[in-house]
Amino acid sequence: MSNTKDTGANEGKSQEQLKKEKLKPTEEEDYGYYFYPDRDTRSKVDENKSFLSKKWEKFMRSGYSGDSGDQLKCESNVIWCKENDSQVKLMLAALKSKGCEINLGRHISCEPCRERCNGGYDPNSNQIVVCQNNTRKKDVCCSVLAHELTHAYDNCRAKVDFTDIEQVACTEIRASNFTHCSLATSMMNGEASPWNYKEAHQLCVKNKALHSVLLVRNVTMDEAATVVDKVFDKCYADLEPVGRIPRKYTRDAYLSFIEGRTHGYFDKDS
């Protein structure tokens, strides 16, 4: 009986609409929306409360970071990254070439976030969140954008089902591969030396992806690790649209940007 009702209720709805309904945060699974107070539908302010109560609750939920100065700084950094960061420029061009052009005002939002979260990708609104209270430096902002634009790119080209933990793990592996793991970072953490860079880089990517999966899914460490291991080889080897693993403090990102022209990611006059 319940199946008949569900089928009837879902008639006429697109796959995208059904995915969005499945991604709504609940007490059992918040899909990472906990970190974005303005997007967490479970914590919306009660309309029956007074004006001052609403203002105070919003202030408390935002982590004491509703400063308009943070937002202006964040938006300024986003514009700087769009115009100056090679990897961000490449990702934007690749998205445009796939028919998913990014409009800064529509698709990128500077918002206050909880705890130590720097950013995220919201598939329901197809928006990238840059955490204005935690991402005040340009280089951090550019790294966040490059990471989250990878999720947007994957969603554009492959229609990622963000309710499927294996697909979530895959896009997290790819984003971590492009943005977070460098030889310098691994050496400082005691994970690598110039002689075992490849193995250390893979371990770094696995750890970053594992951490990201745990942030957006209510699963155990073992469950998340099993999923990451299952899809790792295939997703780690998928280097589109960057074409290489960019090493920090090298010209790799710039070379990928230049090569992007030969791959048709840029208009002739751009």
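Every number in this text was worked out from the coordinates using simple rules, so none of it is lab data. This is a predicted model, so every value here is computed, not measured.
Is there a pair in LYS98/LYS230; LYS208/LYS234; LYS82/LYS206; LYS89/LYS138; LYS98/LYS234; LYS73/LYS98 whose C-alpha atoms are over 26 Å apart, and which pairs would that be?
LYS98/LYS230; LYS82/LYS206; LYS73/LYS98, as the Cα separations exceed 26 Å there.
Whole-Hz Karplus ³J(HN,Hα) for segment 154-163, in order, using 6.51 cos²θ - 1.76 cosθ + 1.60 and θ = phi - 60°, x for Gly and Pro?
With the stated coefficients, segment 154-163 comes to 4, 5, 5, 7, 10, 6, 4, 8, 6, 8 Hz.
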